[in-house]
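Since the structure comes first, as structure tokens, the remarks are kept for the end.
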Amino acid sequence: MREYDTYIFDLDGTLLNTLGDLAASVNYALYRYGMPEHTLEDIRWFVGNGVKKLMERSVPNGMANPRFEEVFKTFREHYMEHSLDTTKPYPGIPDMLNGLKCRGKKIAVVSNKFYTATQELCRHFFGDYVDVAIGERENIRRKPAPDSVIEAMRLLGVSSDNAVYIGDSDVDVATAANSGLPCISVLWGFRDRAFLEEHGASVFISEPCEILMF
């Protein structure tokens with residue numbers, strides 16, 4: 001089995017279970033403006049394309065709603081204060097990252113979450129394990145565009161030759177393809193195997209420790 005030098009991870013649904021805090025902030029914002037709230041399962045299917053798209057899917061009539069920007073602003077403010085309420089790494093993630101670092105591997109995180117939140121969550125939970133963390137910001141298109149992956153590799157000083165991308169969604173499968181990287185799809189995140197297979201995924205793992213086999 002091929003061994004890689006660089007591992008580029010998605011964040012939400014791959015390294016961290018963020019669903020509860022995202023749902024709480026979405027519903028807080030909706031409640032504030034008298035809009036119908038959503039179930040945790042609804043939010044599970046709304047995430048993956050960045051927080052603006054999350055709110056577009058959550059707010060009635062999306063961005064056409066005249067109060068959309070107000071609701072979105074309220075969501076952002078609430079989430080930045082409450083992103084650590086229930087969020088935590090999936091079981092086995094810290095040990096897996098430690099195993100990669102002990103083998104001298106380079107690790108990056110690329111996310112469609114806003115840049116500040118991505119940086120803070122990685123710093124809080126993973127410390128020195130993650131060499132580079134990139135979130136949504138100006139001049140970097142959101143995944144599945146390859147921009148954040150390309151920027152991560154630039155900052156790491158590596159090429160795509162011995163890099164692999166790991167994620168939990170169809171967006172991640174497309175991101176890997178657009179970046180010219182092989183993709184490992186995890187089965188503990190926000191999408192199931194049947195859905196991922198429908199969207200082109202072909203390599204799967206069920207436990208974080210399996211990443212150490214690649």
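The values are calculated or read from the model by the stated rules, or taken from the named source; none is laboratory data. No experiment lies behind these values; they were computed from the predicted model shown. Every residue, glycine as well, gets a Cβ built from its backbone with ideal geometry; the counts of neighbours run over all protein chains shown. For accessibility, only protein heavy atoms count, side chains too; no ligands or nucleic acids. Shrake-Rupley method; radii C 1.70, N 1.55, O 1.52, S 1.80 Å.
What to note about this one:
- Selection status of Ala133, within 19 Å of Cys183 (Cα to Cα), touching a helix residue (DSSP H, G or I) at 6+ places or on another chain (Cβ under 8 Å) and either in a loop (DSSP other than H, G, I, E, B) or among the polar types (S, T, N, Q) (or both): no
- Taking (1) surrounded by 14 or more Cβ atoms within 10 Å (Cβ to Cβ); (2) over 16 Å from the mean Cα position of the chain (by Cα) in turn, Pro60 satisfies each apart from (1).
- Of all residues in region 35-47, those that are open to solvent by 20 Å² or more (accessible area, probe 1.4 Å) and among the hydrophobic types (A, V, I, L, M, F, W, C) total 4.
- Test: residue in region 190-197 that is assigned to a loop (DSSP other than H, G, I, E, B), surrounded by 14 or more Cβ atoms within 10 Å (Cβ to Cβ), among the hydrophobic types (A, V, I, L, M, F, W, C) and touching a Phe, Trp or Tyr at 6+ places or on another chain (Cβ under 9 Å): yes
- Residue in region 22-34 that is buried (at least 17 other Cβ atoms within 10 Å of the Cβ) and in contact with a strand residue (DSSP E or B) (Cβ under 9 Å, 6 or more places away or on another chain) present: yes
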